[in-house]
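Each value in this text was obtained by applying a stated rule to the coordinates, not by laboratory testing. All figures in this text were calculated on a predicted structure; none of them were measured in a lab. A quick note on method: Cβ atoms are made from the backbone with ideal geometry, for glycine too, and the neighbour counts reach across all protein chains shown.
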Amino acid sequence: MKSSVIIFPGSNCDRDMDVALKKFGFENQMVWHNDAEIPKSDLIVLPGGFSYGDYLRCGSIAGKSKIIKSVIDFANSGGLVLGICNGFQILTETGLLPGILLQNKYLNFICKNVFVKIKNKENKYFKKIKKEILELHIAHNEGNYFCSMDELKSIEDNGQIAVTYCDFEGNDDEKNNPNGALKNIAGIFNKEKNILGMMPHPERMIDPFLSGEDGSLFFENLIESL
Amino acid sequence: MVEVNEKIAIEHGLKSDEYKKICDLLKRTPNITELGLFSAMWNEHCSYKSSRRHLKKLHTKGEQVIQGPGENAGVVDIEDDDAIVFKIESHNHPSFIEPYQGAATGVGGIMRDVFTMGARPIANLNSIHFGSPAHEKTRNLLRGVVKGIGGYGNCIGVPTIAGQTCFDESYNGNILVNAMTLGLVNKNKIFYSKAAGINKPVIYVGSKTGRDGIHGASMASAIFDDKIEEKKPTVQVGDPFTEKLLLEACLELMAGKSIISIQDMGAAGLTSSSIEMASKGDLGIEIDLTKVPCREENMTPYEIMLSESQERMLIVLEEGKENEAKKIFDKWNLDFAVIGKTTNSKNIELIYKNEKVAEIPIDFLAENAPMYDRKWIKAKLPKESTFSKDKFKSLKLSDCLKKILIDPNIADKEWIWNQYDHTVMGDTIQKPGGNAGVVRVHGTNKAVAAAVDSSAAYCHAHPLTGGKQVVCESWRNMISVGAKPIAITNCLNFGNPEKEKNMGEFVECVEGIAEASKYLNYPVVSGNVSFYNETKDKGIKPTPSIGGIGLLNDYKKMMTMELKNEGNYLLVVGKTGGHLDQSVFARNILSEFNGPPPEVNLFNEKQNGISILNLKNKNLIETCHDVSLGGILTSISKMSIKSGKGVKLFPLEGLVNKFEYFFGEDQGRYIIEIKPENLKNVENMLKKDSIHVDKLGLVEGDKITLENDLKISIDEIKEGYKKWLKEYMIS
């Protein structure tokens, strides 16, 4: 399986994602933002970081970069596009995913482990994961998901909510909401479920000496499902 | 053009006799640009004029040392082809004036020092000191500094893996912000600042030059008064995004062979970087200031030379490599300009609009900078306090413990480090809040441990002992995670060196650091000095911060402080004498502030540490934590809180005062957890090395208990410990 990780100026989780993808069997290549085309891929990843310093608005300048047209074409043809953290923010800026990521409710950057509940397994990203609740890691300042009420209804009706913040028992209520995200949303799909954007970083949880290992389940499923 | 005279020189922070020396050296009056160069190079921050003589006493050698003090950062060997580049630096003065930008640019500056040498930064640390929590400025300063550190480090994508935060009223008017960075480099591909060769192109890369930070280094060499708000424009503004680009571009250029030397523009900007490169290479340098990329219009030569705009580098390239280098900087959208060349004149020559605007022999600015042998007084060891038995009578262990765990210097600091990305780069295997931060050396079985320590109370009570103690505490932090201590970097924060008492504190702390680091083979390889941490005549307590690093050859054998299994034994390695003077217990419970700090016995320190590593290598230790502030009971509580496991303490033998035993801050001690089947073996091994060991208790249940004296649930102590800082920040 071939994957491509796009590097924007200011991306800083590109290497971590490269390490994770390779560890679980992807043939990964790094693609520079100024390239016009993406090499043949089964999966495109927009990594975390601070593309263009997150100046203006998180992900907005990256959302207009040269490579993005190819990403949009790839996504519209049904290709798998995964955006983690800043990558999620970029996907909302391009319009590939609905809504936007606002500043965290308590105005602080948050770096810690969280639990998320898988809300929809009818897709390639979570299909064969045996657990319902994953322990992942967040590190962001703007992870407070927001969209209009109409959009929310449409997202819910179409099963587009991918994962929600919860406690270890799966209670995804306000008490377990680290950043103020609407409905505790930690990640969403597009309607067709080939695009996933999520704030938590599975690539930081891929061996027992790191913060945990549930990230491994995510990548194992991904390579199997493709 | 402004005419230069003594008055103007004094406004530049120079003394009358220094100005006279300048005129004598030049055999004429300097022009304003030249005076700017002298003031920048001769101030305390750049010239180390008060400290140089004493810094020579530091122990800086060892077979692990590849580069000691004098370069952008120190470099040590961590076996194979790997080396660690690391350094700590202060950004105290700017952080007090503008906490966010001051702290942010402190982090940016130290990272540049590290990647200038060809290393990719792999971990950041910091040591921050604030005034009393009751002081009106403390909360906002703390919030701003934490946001600044996070804002810069998080954006660059380097994990902040450890640090320390202290509160003491002596920092009410002068907070301390010390930032440390570790980078990883192939030891055959290290870059230095020494220029070599004549007519080599001098290249400017990075951000454009603006009017920010002019005279920053001079500001850092002065005491504060009522008008500090006016100094805001001297604080630089950070742009972590540009720094990230600069980092990647520099590392890309460094992969080739075109760089002769490279130096970041830190304090005193283009002035100190160009002069240092030329001085080290025994060369001259010619710069055409018209070619310097400027952010603002009509900047004068004086402003261009003294700007401390951030995220800039100066490079001496091999001839003919300009286009190759420019391509890389174009790719990263960074400015690139050939601004001058090396010469054989041994002068710095500045050209502006085809006119020579300054010409000074490099020697005058660097080697001939003043060096002072300031007067200082030796501190006496204070008399031990005698605590009457009555003082302890009404006290209960549980009350004391609860009070100590919410002491601002002990309470949990998670509110702070949750705002720092500590897991990016995917190699952080011990997070903040442990004995030390630990990151793997990417793609190998090795890991590097790092921690920062300071002990201002001890240094204030007796500087010589305090200096030794901080080094020992750093060494203990390395041992506690199972790392072999390698080397240290020091950030020496002191008051006004022109005062004999402050100067004495500096001299004796340095001597203490030197003695301990020599004995432990834990050399100082880099650092900086920050004097004049004084406001309206009130100086800070002497605060040397020691950043230590250690090596784990097999990261899988790293030790942590969480208690592991019910029924395991807890031992205290090292002797407990019950020293209460200068302890948290004495201050917080007995309101006693006098007396000597705990004695430092370097022989025991070394033996105890080496024994712990030996036990660890034989896989006999389950958990390890060093005993520091707050003594044994505080350490045990932290281990319990982290793991949710209780401890049954054994009754004390003989006529020991339980408060002295449990809260004394004697040095050189560790608490270790041992499986019952290994107990005899461990005790025998320690006995063979003549190391004192106490059986402290068992891992048991969910409470900490001691016969009839103590019974307290973990939840009860956890609440206060975890909540204090969070509640303070929102109150």
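A few remarks follow.
- Built amide H within the under 5 Å cut-off of residue B:669, gap 5+: B:627
- Whole-Å semi-axes of the ellipsoid equivalent to the stretch B:508-649 (Cα gyration tensor, √5λ, descending): 31, 23, 15
- Only alpha carbons enter this Debye calculation for the stretch B:328-432, each as an equal point scatterer, and the log10 of I(q)/I(0) it gives at q = 0.11 Å⁻¹ is -0.90.
- Shielding by partners for peptide B:154-161, expressed as the average number of C-beta atoms from other protein chains within 10 Å of each residue's C-beta, is 4.
- The stretch A:131-183: trypsin sites (Lys or Arg not before Pro) falling in loop per DSSP and having at most 16 other Cβ within 10 Å: A:131
- Using θ = phi - 60° and Karplus 6.51 cos²θ - 1.76 cosθ + 1.60, couplings along the stretch B:466-474 (whole Hz; Gly, Pro as x): x, x, 5, 4, 4, 4, 5, 5, 4
- Averaging 1/r over every pair of different alpha carbons in the stretch B:623-710 and inverting the result gives a Kirkwood radius of 13.8 Å.
- Alpha carbon centroid spacing (whole Å) that separates the stretch B:568-620 from the stretch B:125-164: 29 Å
- Our helix-only sum for chain A, with -39,500 (n - 2.57) per DSSP H run of n ≥ 4 divided by its residues, gives a mean residue ellipticity at 222 nm of -6500 deg cm²/dmol.
- Along the axis of the charge dipole computed for the stretch B:104-165 (Cβ charges of +1 for Lys and Arg, -1 for Asp and Glu, origin at the Cα centre), the listed residues B:106, B:134, B:118 are led at the positive end by B:134.
- Sorted into 20 angstrom bins from 0, the C-alpha pair distances of chain B split as 18, 51, 26, 6, 0 percent.
- Counts of other chain beta carbons within 10 angstrom of each beta carbon in peptide B:436-445 average 1.
- By DSSP, the beta bridges lying fully in the protein assembly as shown are antiparallel in about 75 percent of cases.
- The stretch B:700-722 and the stretch A:100-147 have Cα centres spaced 35 Å apart.
- Sorted fewest first by neighbouring Cβ atoms within 10 angstrom, B:401, B:283 come out as B:283, B:401.
- Principal axis dimensions, largest first and in whole angstrom, of the stretch A:11-61 by Cα: 37, 23, 13
- Which of B:193, B:513, B:345, positive extreme of dipole for chain B (C-beta unit charges): B:513
- When the pairs B:675/B:722; B:57/B:484; A:117/A:175; B:200/B:327; B:189/B:321; B:137/B:413 are compared against a 22 Å limit on Cα-Cα distance, B:675/B:722; B:57/B:484 fall above it.
- One equal scatterer on each Cα of the protein assembly as shown, no solvent, Debye formula: the resulting log10 I(q)/I(0) at q = 0.05, 0.07, 0.09, 0.10 Å⁻¹ is -0.30, -0.60, -0.98, -1.19.
- Entry for the stretch B:106-168 at q = 0.14, 0.20, 0.22 Å⁻¹: log10 I(q)/I(0) = -0.46, -0.79, -0.90, Debye formula applied to identical alpha-carbon scatterers, no solvent contribution.
- Over chain B, relative contact order from alpha-carbon pairs under 8 Å, at least 6 apart, %: 15 percent
- With neighbour counts taken as other beta-carbon atoms within 10 Å, the residues B:248, B:673 rank, fewest first, as B:248, B:673.
- Rounded to whole Hz, the Karplus (6.51, -1.76, 1.60) HN-Hα couplings of the stretch A:176-189, x for glycine and proline: 10, 9, x, 10, x, 4, 4, 6, 6, 5, 10, x, 9, 9
- Highest-MSF residue in chain A out of A:90, A:129, A:195 [GNM, Cα springs under 10 Å]: A:129
- Couplings 3J(HN,Hα) of the stretch A:13-29, computed from phi: 10, 5, 5, 4, 5, 4, 4, 5, 4, 5, 4, 9, x, 6, 8, 9, 10 Hz, in residue order, whole Hz [Karplus 6.51 cos²θ - 1.76 cosθ + 1.60, θ = phi - 60°; x for Gly and Pro].
- Cβ-based exposure ranking for B:371, B:503, in which fewest neighbours within 10 Å come first: B:371, B:503
- Measuring between alpha carbons in the structure, the pairs from B:606/B:642; B:606/B:648; B:501/B:541; B:618/B:687; A:112/B:642 lying more than 18 angstrom apart are B:606/B:642; B:606/B:648.
- The GluC sites (Glu not before Pro) of the stretch A:104-173 meeting both criteria, a DSSP state outside H, G, I, E and B (loop) and at most 16 other C-beta atoms within 10 angstrom of the site's C-beta, are A:122, A:132, A:169.
- Charge tally around residue B:515: other residues with Cβ under 12 Å, Lys/Arg +1 each, Asp/Glu -1 each, net 0.
- Based on every Cα atom in the stretch A:113-185, Rg and the maximum pairwise Cα distance Dmax equal 12.3, 33 Å.
- Surrounding net charge for residue B:670, when Lys and Arg each add one and Asp and Glu each subtract one, Cβ distance under 10 Å: +1
- Rounded to two decimals, the Cα-based Rg/Rh of the stretch B:1-142, with Kirkwood Rh, is 1.07.
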